[in-house]
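Written below as structure tokens is the structure these notes are about.
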Amino acid sequence: MPERISVFGTGYLGATHAAGMAELGHEVIGVDIDPAKIDLLRRGEVPFFEPGLSDVLRRHVESGRLRFTTDPQEAADFADVHFIGVGTPQKKGENAADMRYVDAVIETLGPLLTRPAVILGKSTVPVGTAARLADRLRDIAPVGDDAQLGWNPEFLREGFAVQDTLFPDRLVIGVDPQRPGRIEEAARRVYAAMLERDTPFIVTDLATSELVKVSANAFLATKISFINAIAEVCEASGGDVIALADAIGHDERIGRKFLGAGLGFGGGCLPKDIRAFMARAGELGVDQALTFLREVDNVNMRRREHAVELATRVVGGSLSGIHVAVLGAAFKPQSDDVRDSPALDVAGSLHLRGADVRVYDPEAMRNAAAIWPTLTFADSIDDACRGADLVIVATEWGEFKTMDPVVLAAAVGSTRIIDGRNCLPSQEWIDAGWDYYGMGRHSG
Ligand code: NAD
């Protein structure tokens with residue numbers, strides 16, 4: 001049976017979730033405070049790059065199953081299940097998450113709930129948020145106890161967001177065990193198609209559901225920083241982190257995934273989520289439990305500095321006036337997201353040290369230019385690399401991985417390349433006469 005659903009916040013998470021719910025057969029209304037975003041979505045256009053999303057979105061906007069509004073009243077009148085997918089960015093000057101957007105949804109939607117409704121939070125929030133919001137909702141909703149709130153953390157990956165939304169590897173639903181109400185039932189109806197496929201469906205208390213999400217991200221960040229810390233030791237000792245990762249990755253307790261040494265993690269989730277997790281642990285009086293995440297963050301940020309130092313070294317000690325082609329601006333391939341992007345951070349640092357930086361990214365140029373308008377943006381790999389003294393691969397887009405080293409050698413001024421993602425076939429580049437520098441490798 002189709003459910004009537006609203007999704008508050010139509011960014012990377014919310015727009016994908018709204019389109020995904022329509023794809024599952026539900027009737028969906030997406031709500032955002034950004035009228036420009038809503039205008040685009042109403043026309044069936046995705047305001048950001050996410051492979052496959054525009055097809056799903058357009059199909060359901062055209063069928064009328066998916067619509068968008070800036071008016072929360074419309075959502076309250078229409079939907080029985082409301083998802084919250086607004087941002088929880090890092091507070092300025094603090095590690096903690098800024099909860100103002102999530103709080104605003106409850107403050108706006110709560111007083112409009114005049115009939116029974118279920119709210120499922122999807123945003124990544126500090127543990128304790130859901131219980132606080134559930135209390136607040138009961139106070140301000142005209143239906144009182146019949147406005148029920150649970151938490152349903154989201155695990156989608158940008159670049160695979162449609163697939164991850166339609167075929168999640170697990171569903172987690174947090175409910176208050178003292179007041180279980182209709183939340184689990186509503187989630188089972190919304191996700192019926194996935195439950196038929198035996199997708200793991202894990203019902204927990206509210207705190208556990210919030211912690212599942214931040215723990216998963218803390219684990220992934222730790223795994224990346226672990227191999228990057230080992231890369232530092234490889235660089236100092238002449239070891240090779242790729243061979244090492246392959247060797248330890250064969251141990252199934254360790255696994256090879258997420259053991260790619262490079263410029264480290266970035267984006268709108270991992271960095272701010274581990275910081276918010278530390279901040280919340282501090283408030284709970286268990287800061288020591290997560291002190292290791294500070295080191296995870298430090299190792300990660302050092303990779304960017306390392307790349308800039310390496311660049312300085314390989315061009316002879318000064319970046320002033322040196323033409324550096326930076327290939328990549330997005331924090332990862334298949335995304336145009338430049339939030340806390342290592343690639344853009346490296347490009348910006350090189351620029352501040354006097355280099356003539358030319359950045360090319362297949363999808364993220366507009367977002368990158370909004371953050372770093374003083375960088376020069378090129379139209380193509382060739383355009384960025386023409387006459388370059390140094391090339392840096394900073395995001396592992398497919399078109400960078402398959403560049404022809406012989407062809408590129410003819411375009412650049414000097415055949416020097418830093419493979420910031422260890423994503424190039426290094427021997428081919430060396431054979432073509434390039435000075436190749438990887439991360440955590442003999443040459444790096
Ligand atoms: P985003 O910045 O792309 O989108 C947030 C949207 O919320 C914006 O469009 C903004 O205008 C809107 N908004 C703000 N206040 C609003 C309000 N009161 N009512 C309606 N809309 C409002 O952020 P995102 O990347 O989609 O992340 C959203 C949440 O999901 C965060 O908590 C994030 O940590 C979590 N998350 C994101 C991802 C991801 O890959 N992006 C994955 C899992 C979880």
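The values are calculated or read from the model by the stated rules, or taken from the named source; none is laboratory data. These numbers were taken from a predicted model, which means no experiment stands behind them. Cβ sites come from the backbone with ideal geometry, for glycine too, and all protein chains shown count toward neighbours.
Sub-9 Å Cβ pairs linking a first residue in segment 160-182 that is under 16 Å from Leu195 (Cα atoms) to a second residue that is in a strand (DSSP E or B) and of a type in the set (Phe, Trp, Tyr), at least 6 apart or interchain, are Arg170/Phe201; Leu171/Phe201; Val172/Trp151; Val172/Phe201; Ile173/Trp151; Ile173/Phe201, ordered by first then second residue. Given the structure, is Met278 in a helix (DSSP H, G or I) and either within 18 Å of Gly348 (Cα to Cα) or more than 24 Å from the chain's Cα centre (by Cα) (or both)? No. Here Val105 meets each of (1) within 10 Å of the ligand (Cβ to nearest atom); (2) among the aliphatic types (A, V, I, L, M); (3) out of contact with any strand residue (DSSP E or B) (no Cβ under 8 Å at 6 or more places or on another chain) with one exception, condition (3). Checking the stated criteria, Phe68 turns out not to satisfy the condition of being of a type in the set (A, V, I, L, M, F, W, C), under 30 Å from Ile274 (Cα atoms), touching a strand residue (DSSP E or B) at 6+ places or on another chain (Cβ under 6 Å) and crowded, with 22+ Cβ neighbours inside 10 Å.
In contact with a Phe, Trp or Tyr (Cβ under 7 Å, 6 or more places away or on another chain) and at negative phi, is that true of His60? No: the conditions fail for His60. Within segment 209-237, residues that are at pLDDT 95 or above reach partners that are surrounded by fewer than 19 Cβ atoms within 10 Å (Cβ to Cβ) and among the β-branched types (Val, Ile, Thr) with beta carbons closer than 8 Å, at six or more positions or on different chains, in the pairs Val212/Ile202; Val212/Thr204.
Only one of these is more than 15 Å from Asp435 (Cα to Cα) and modelled with pLDDT under 95: Thr374, Thr402, Thr395. Name it.
Sole residue among the options that is more than 15 Å from Asp435 (Cα to Cα) and modelled with pLDDT under 95: Thr374.
Inspection of segment 48-64 identifies at least one residue that is surrounded by 18 or more Cβ atoms within 10 Å (Cβ to Cβ), charged (D, E, K, R), within 26 Å of Tyr191 (Cβ to Cβ) and touching a residue at least 12 places away in the same chain (Cβ under 8 Å). You will find that of Gly260, Gly267, the residue that is of a type in the set (Gly, Ala, Ser), within 16 Å of the ligand (Cβ to nearest atom), under 22 Å from Ala330 (Cα atoms) and not in a helix (DSSP H, G or I) is Gly267 and no other. The condition (being without any contact (Cβ under 8 Å) to a residue 24 or more places away in the chain and in the same structural domain as Ala130 (by TED's automatic domain parsing)) is satisfied by just one residue among Asp32, Asp98, Asp71: Asp98.
Across segment 108-131, the number of residues qualifying as under 27 Å from Asp297 (Cα atoms) and away from the ligand (no atom under 12 Å from the Cβ) comes to 3. Looking across Ile430, Ile417, one residue alone is hydrophobic (A, V, I, L, M, F, W, C) and assigned to a strand (DSSP E or B). It is Ile417. Number of residues in segment 320-352 that are in a strand (DSSP E or B) and within 16 Å of the ligand (Cβ to nearest atom) equals 0.
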